[in-house]
Structure formats: structure tokens, C-alpha cells
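Participant: First the structure, then my questions, so here it is.
What follows draws every value from the coordinates through simple rules; no lab data is involved. Just so it is clear, the structure is predicted and the values come from calculations on it, not from any experiment. Cβ placement follows ideal geometry from the backbone for every residue including glycine, while neighbour counts extend to all protein chains displayed.
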Amino acid sequence: MTTHAPQTAPHTARSVTPSVTLPASLDEAVAALTEMPAAVPVAGGTDLMAAVNRGRLRPAGLVGLGRINEIRGWQYQDGHALLGAGLTHARMGRPDFAALIPALAAASRVAGPPQIRNAGTLGGNVVSAAPTGDSLPVLAALEADLVVVGPLGSRELPVSHLLAGRDMLAPGELVAFVRVPLLHAPQVFLKATGRTGPARATASVAVVLDPARRGVRCAVGAIAPMPLRPLEAEQWIASLIDWDGERGLAPEALTAFGEYVGAACVPDPQGDEPLPPGVLHLRRTVAALARRALGRALS
């Protein structure tokens, strides 16, 4: 009877299992991250574990945030909602949260299949800063701030600064809360995908109205490394709205706004070259999303 000798794997460096710490408070989490500067904080792990599985990340340690109750809810603070970074997409998609911040709830409901929505968190979406993160254009349009805690205490920074890489987290710091103004006005989030069902966005648009400032805020996601704000288009369309009346706009104005946003976020190439078909399609998609989002907000 012939037997086969077991095959031996080629010699490779021994993999090291990362240490895992499970703090019960923010203070304990900061202490753990300070003690292990190479450790990575993790909540839902939907982005981090994907990076680990693809070999793009090999953390020396993990600091789990799932037991920290203080970042899993929200509270009211000076006309703002202080949202815990541990809020899951599933939780933000519920009706009580939708009454608070409708656009963020809408983005959370389409953030992926149920297993992703149940595990993925608001803080993870922000810190991973993936261009297709559905919450990011909403937070950009709302001009949200991040509350960061670390060994030197807490500080606030605009979410746009972190996404643009202008203000990075220092060793031992983590995002604890997201501070969002409560505008008490219509908000809309829409996204386009390459297929039916839950999928990553090929383009997304968030539009929020700010009646107190007589302003319109718009942010376009998924088409650039960070959400884009077409500021001139915002100012132009806001000047056409009757803020003291019914706030309606003619279809021609909505169409013009969409085209304005599309051209601002998907600009023409240098020189006289025409837009490639794929880029032209993307511009038209952004224009259609912006037109529909503003129309729904004003209706």
C-alpha cells in the first residue's frame, strides 16, 4: 500500500496573531491605544477585516470598541445631535433616527446588505474614508464635526478636514462622536449603483435645506477621494428660492441646478478634447441625482 507524504508549505515568516483588547469605556480605549501605538481600533470591522483578508493590513493589535456603551447612542447638545461613533447603519436607519436626521437615515438604509448594516458603524465609515462611504456626502452637506478623544483630552475638527487628510488622528486618538446640526428641514440622499440591490455607489448626492441661513447644501460622493461641494451651484439655486413662501422651483431651474452640479463635479478635460463616454455618463448621473434630490427636498 502506497501512501503520500504530506506536502509541506513553503517556508514563510511566521504570522503573528494580533493582541485584542476589549475596553469598557472611552478612557480605557484611549489608554489601550496609548500603550499600544501600533494597535488599530475596531468596531464593526466591515472595512478593516476586508483589508486584513486581502493582505493590505496586518495590525499588531486590535482595540475593540463594541463594549463601549457611551458611543452607541446619541444625545442632544446646543441645537446639535451628538452621535456616537458606534452607531450602526441598521440603528440609524430606524424611523426615530430618520425623524432626526433624514438624509443620514436614508444613507444608512442603503449602506449594504443586512449583515453590513448590522455591523458597520458611523465612526468606521468616517475613519476608513472610503470614497463610496454612503454617510460621507451627508456629513459633508451637514457640515458635521468630529469629536476626537485622546491622551491629551478631546478636540473637535470638521469632518471634511479628516477626509481631506488635512487633520489626521494622532497616536492614541479615536473618533468618539459626530456632531451634526439639527436643521429641522428637508434632507435627501440618493445614490446610483451599477446593479440592482445593495451595492456600492457609482455616484451619490446629499441635499439639505438650511432655512435659517436661507441656504442649500449639496455634496456629491463616490466620484472623488472625498465628497465634493459645488458651492457656486448651492449659492445660485438658494438665491432663486422663495424662502418665505412655498419654496418651489420651476422644472427648468431644477434641471439647470443638476447640470450646474454635474459640470462642477465632473469638469471638462483640459484643451478641446470631448468628454469620454464614461465620464459624460457619470456627469449626467450626478446631474440627475442632484436634480431629483433638490426636487424632493423642495416638495
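Participant: Taking the Cα-to-Cβ direction at Ala263 and at Ala238 and moving 7 Å from each Cα, how far apart do the two end points lie in nm?
Facilitator: 2.1
Participant: Let's test the formula: R0 of 22 Å, r as the Cβ-Cβ distance of Ala224 and Arg292. What FRET efficiency results, to the nearest 0.05? Provide the component values of the computation, followed by the final result.
Facilitator: Working: r = 20 Å, r/R0 = 0.93.
Rounded to the nearest 0.05, the efficiency is 0.60.
Participant: What is the distance in Å between the Cα centres of segment 213-270 and segment 60-81?
Facilitator: Centre-to-centre (Cα) distance: 33 Å.
Participant: To the nearest 500 deg cm²/dmol, what mean residue ellipticity at 222 nm is calculated for the chain from DSSP H runs of n ≥ 4 alone, each contributing -39,500 (n - 2.57), summed and divided by the residues?
Facilitator: That calculation yields -9500 deg cm²/dmol at 222 nm.
Participant: Let me ask something additional. Would you mind ranking Leu162, Leu87 so that the residue whose beta carbon has the fewest other beta carbons within 10 Å leads the list? Please list the in-between numbers first.
Facilitator: Working: Leu162 20, Leu87 25.
Lowest to highest Cβ neighbour count: Leu162, Leu87.
Participant: Which value in nm describes the separation of the simple spin-label points at Asp27 and Asp167, placed 7 Å from the Cα toward the beta carbon?
Facilitator: 2.6
Participant: Return Ile237, Ile116, Ile223 ranked ascending by Cβ neighbour count within 10 Å, so the fewest neighbours appear first. Could the numbers behind the result be given before it?
Facilitator: Numbers: Ile237 25, Ile116 16, Ile223 21.
Fewest to most other Cβ atoms nearby, the residues stand as Ile116, Ile223, Ile237.
Participant: Two decimals, Cα atoms only, Kirkwood Rh: what is Rg/Rh over segment 64-124?
Facilitator: 0.96
Participant: In Å, what Kirkwood hydrodynamic radius results for segment 96-202 from the alpha-carbon pair distances?
Facilitator: Details: mean 1/r = 0.0680 Å⁻¹.
Hydrodynamic radius (Kirkwood, Cα only) of segment 96-202 equals 14.7 Å.
Participant: What fraction, in whole percent, of alpha-carbon pairs in the chain exceed 26 Å separation?
Facilitator: On the way: 22008 of 44551 pairs.
So the portion of pairs separated by more than 26 Å is 49 percent.
Participant: Take Thr34, Thr132 and order them by how many other Cβ atoms sit within 10 Å, fewest up front. Write down the numbers at each step before the final one.
Facilitator: Numbers: Thr34 14, Thr132 17.
Lowest count first: Thr34, Thr132.
Participant: For segment 220-234, what does the Karplus curve 6.51 cos²θ - 1.76 cosθ + 1.60, with θ = phi - 60°, yield as ³J(HN,Hα) per residue in whole Hz, taken in order and with x for Gly and Pro?
Facilitator: So the J values, rounded to whole Hz, are 10, x, 6, 9, 8, x, 9, x, 9, 10, x, 4, 5, 5, 4.
Participant: In degrees from 0 to 90, rounded to the nearest 10, what is the angle of the helix 277-298 Cα long axis to the longest principal axis of the chain?
Facilitator: Helix 277-298 sits roughly 70 degrees off the main axis of the chain.
Participant: Return, ordered by residue number, the residues of segment 214-237 whose backbone nitrogen is under 18 Å from a label point located 7 Å along Cα→Cβ of Ala250.
Facilitator: 236-237, by backbone N distance to the label point.
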